[in-house]
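First the structure, in the form of structure tokens, and then the observations on it.
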Amino acid sequence: MKPTLRRILCPLALAAIAMLILSAPALLRQSASIPGLEAEERTLLRIWVTNAPGGAQAWLTAALRQWEKQHPGVMTYLRTVSAETLTDPDTVLPDVVLYMPGDLTAPQTLFTPLSGALTAKEALLRCGRWQGQQYGLPLCWGAWVLAIDSALEPGSALTPAPTTLLGKPAATQPSASQTPGYPLAAASQSACALQSPGGAALLALTCLLEQTERPPLPEDFAHLSSSQVYSAFQARKAATAMLTTGQVTAFTSLTSAGKGFPFRVITPSEVVTDQVWLASLTPGAPQEAAALLAHLTSADAQQLLSRQGLYTVRDDLVLYAAGTSAEVERAGMRALSAINAYIPSTDAAAAAWQAFQGALGFSEALLPLM
């Protein structure tokens with residue numbers, strides 16, 4: 001190349017290189033906004049569970065999958081923790097907390113009050129209300145029923161059926177008008193005739209059995225946990241027992257699979273329960289958290305409760321057509337009382353024991369707990 005031409009081209013090449021260097025940031029910014037290459041912003045909702053009725057975790061998982069499909073920009077993270085973890089001052093709280101009555105007290109120190117229209121029965125909303133503020137939104141509920149071992153009355157025990165209209169194993173039993181009462185004479189001959197946890201279970205039992213209908217009671221009566229009572233009934237170490245409806249659903253499935261034994265249940269004419277699952281929001285939770293709670297109480301999500309033998313918090317929805325589940329659902333429509341979520345469990349246990357013993361009237365014992 002001739003020297004003259006080289007002297008002309010070299011400055012031009014250097015100028016072109018300089019222009020490329022100066023324009024590089026703009027080119028990079030343009031490439032980052034090419035459709036399909038952007039990093040999608042997603043919201044993560046952290047959900048902690050301290051306790052749950054039987055079957056509720058499975059229902060929640062299904063409802064969350066439903067929610068995430070409808071909201072592709074939101075992810076949920078579910079974790080089980082102890083109630084003590086929430087009250088630890090070093091804990092960084094999640095966005096949503098799910099719990100049951102007796103798990104937590106002083107909700108004003110953990111949660112932010114809920115506002116707006118809340119879709120739930122008033123009796124259940126009172127369960128999540130404290131000092132005039134609505135801290136907990138009820139998501140579903142269960143009840144207490146009296147289970148009777150078939151060994152006491154082989155002809156009266158229910159027989160598992162393959163399926164129901166809801167597609168779940170269930171049990172056939174006589175209609176409410178034909179259901180026999182409590183087998184007092186047969187139960188009284190058992191080593192352990194009757195077992196029950198304290199608290200709401202004992203209040204429900206007070207409604208079911210008059211004092212003249214009660215068999216001899218074991219020394220640890222009303223001192224065992226719900227799971228301990230269930231284990232005793234499952235092992236046939238208690239002839240009759242107060243069980244949650246979730247435990248009845250689980251044991252019916254075992255019986256249908258040949259791993260349990262026939263039994264029947266006596267359902268109350270009205271429901272007194274502490275088997276309520278509530279959800280609360282913590283300070284600073286994103287707006288998606290409130291939208292999630294609205295979804296969990298929507299008709300679509302509440303319909304899924306029937307798969308787990310749980311009951312809806314809505315007034316405009318009926319889940320069960322027949323069987324024990326339908327009887328409990330109808331009883332809840334007639335009268336439903338839920339123990340306030342934030343009253344110490346020791347207070348509920350003391351009041352229930354006094355009512356069971358007759359030292360307090362039933363309403364006198366129940367009303368301070370609501």
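The values are calculated or read from the model by the stated rules, or taken from the named source; none is laboratory data. This one's a predicted model, so the numbers in the text were calculated from it and none came from an experiment. All Cβ positions, even for glycine, are placed from backbone atoms using ideal geometry, and neighbour counts span all protein chains on display. Protein only, heavy atoms only, side chains kept; ligands, DNA and RNA dropped before computing areas. Shrake-Rupley method; radii C 1.70, N 1.55, O 1.52, S 1.80 Å.
From 276, 271, grab the single residue that is touching a residue at least 60 places away in the same chain (Cβ under 8 Å), buried (at least 23 other Cβ atoms within 10 Å of the Cβ) and under 19 Å from residue 182 (Cβ atoms).
Answer to the check: 271.
Identify the single condition in (1) open to solvent by 10 Å² or more (accessible area, probe 1.4 Å); (2) not in a loop (DSSP other than H, G, I, E, B) that residue 217 does not satisfy, given that it satisfies every other one.
(2)
Any idea which of 52, 58 is modelled with pLDDT of 95 or more and part of a loop (DSSP other than H, G, I, E, B)?
52
So, in region 192-214, exactly how many residues are without any contact (Cβ under 8 Å) to a residue 12 or more places away in the chain and assigned to a loop (DSSP other than H, G, I, E, B)?
Qualifying residue count for the region: 1.
Given (1) at pLDDT 95 or above; (2) open to solvent by 10 Å² or more (accessible area, probe 1.4 Å); (3) under 16 Å from residue 136 (Cβ atoms), identify the lone condition not met by residue 303.
Of the numbered conditions (1) at pLDDT 95 or above; (2) open to solvent by 10 Å² or more (accessible area, probe 1.4 Å); (3) under 16 Å from residue 136 (Cβ atoms), the odd one out for residue 303 is (3).
Taking residue 80 as meeting all but one of (1) loosely packed, with under 14 Cβ neighbours inside 10 Å; (2) modelled with pLDDT under 95, write down the number of the exception.
(2)
Would you pick out the residues in region 102-119 that are open to solvent by less than 20 Å² (accessible area, probe 1.4 Å) and more than 21 Å from residue 44 (Cα to Cα)?
Within region 102-119, 104, 107 meet the criteria.
Right, residue 297: within 15 Å of the chain's Cα centre (by Cα), open to solvent by less than 20 Å² (accessible area, probe 1.4 Å) and on the phi < 0 side of the Ramachandran plot or not?
yes
Residues in region 289-300: is at least one charged (D, E, K, R) and not in a helix (DSSP H, G or I)?
no
Got at least one residue in region 316-328 being in a helix (DSSP H, G or I), within 21 Å of residue 62 (Cβ to Cβ) and among the acidic types (Asp, Glu)? Quick ask: steps written out before the conclusion?
Quick first cut of region 316-328, residues in a helix (DSSP H, G or I) only: 323-328.
Checking the rest, the ones that are also within 21 Å of residue 62 (Cβ to Cβ) come to 325.
Add one more test, that the residue is among the acidic types (Asp, Glu), and what stays is none.
No, region 316-328 has no match at all.
Which one is nearest to residue 105 (Cα to Cα) among residues in region 120-152 that are within 19 Å of the chain's Cα centre (by Cα), aliphatic (A, V, I, L, M) and in a strand (DSSP E or B)?
Step one: of region 120-152, the residues within 19 Å of the chain's Cα centre (by Cα) are 120-129, 134-145.
Now narrow it down to the ones that are aliphatic (A, V, I, L, M): 120, 123-125, 137, 139, 143, 145.
Now restrict to residues that are in a strand (DSSP E or B): 137, 139, 145.
On the way: 137: 15, 139: 19, 145: 27 Å.
Here the answer is 137.
Going by what's in this entry, would residue 359 be described as touching a strand residue (DSSP E or B) at 6+ places or on another chain (Cβ under 9 Å) and surrounded by fewer than 21 Cβ atoms within 10 Å (Cβ to Cβ)?
No; evaluated as a whole, the condition is false for this residue.
Looking only at residues that are part of a loop (DSSP other than H, G, I, E, B), farther than 17 Å from residue 227 by Cβ and of a type in the set (S, T, N, Q) in region 244-288, which one is modelled with the lowest pLDDT?
269
Suppose the filter is within 20 Å of residue 56 (Cα to Cα) and in a strand (DSSP E or B); does residue 241 pass it? Can you show your working first?
On the way: within 20 Å of residue 56 (Cα to Cα): no; in a strand (DSSP E or B): yes.
Spelling it out, it is not the case that residue 241 is within 20 Å of residue 56 (Cα to Cα) and in a strand (DSSP E or B).
Quick check on region 329-361: of everything there that is in a loop (DSSP other than H, G, I, E, B) and not aliphatic (A, V, I, L, M), which residue is nearest to residue 216 (Cα to Cα)?
Ranking the candidates gives 358 first.
Whether any residue in region 309-323 is open to solvent by 10 Å² or more (accessible area, probe 1.4 Å), touching a Gly at 6+ places or on another chain (Cβ under 7 Å) and at pLDDT below 95 is what I want to check. Full working, then the answer.
Here is the first cut: in region 309-323, the ones open to solvent by 10 Å² or more (accessible area, probe 1.4 Å) are 314-323.
Then keep just the ones that are touching a Gly at 6+ places or on another chain (Cβ under 7 Å); that gives none.
There is no residue in region 309-323 that is open to solvent by 10 Å² or more (accessible area, probe 1.4 Å), touching a Gly at 6+ places or on another chain (Cβ under 7 Å) and at pLDDT below 95.
Which residue out of 239, 331, 289, 326 is open to solvent by less than 20 Å² (accessible area, probe 1.4 Å), without any contact (Cβ under 8 Å) to a residue 12 or more places away in the chain and not aromatic (Phe, Trp, Tyr)?
326 is the lone residue from the list that is open to solvent by less than 20 Å² (accessible area, probe 1.4 Å), without any contact (Cβ under 8 Å) to a residue 12 or more places away in the chain and not aromatic (Phe, Trp, Tyr).
Is one or more of the residues making up region 310-318 touching a strand residue (DSSP E or B) at 6+ places or on another chain (Cβ under 9 Å), of a type in the set (D, E, K, R) and touching a residue at least 24 places away in the same chain (Cβ under 8 Å)?
Taking every residue of region 310-318 in turn, none turns out to be touching a strand residue (DSSP E or B) at 6+ places or on another chain (Cβ under 9 Å), of a type in the set (D, E, K, R) and touching a residue at least 24 places away in the same chain (Cβ under 8 Å).
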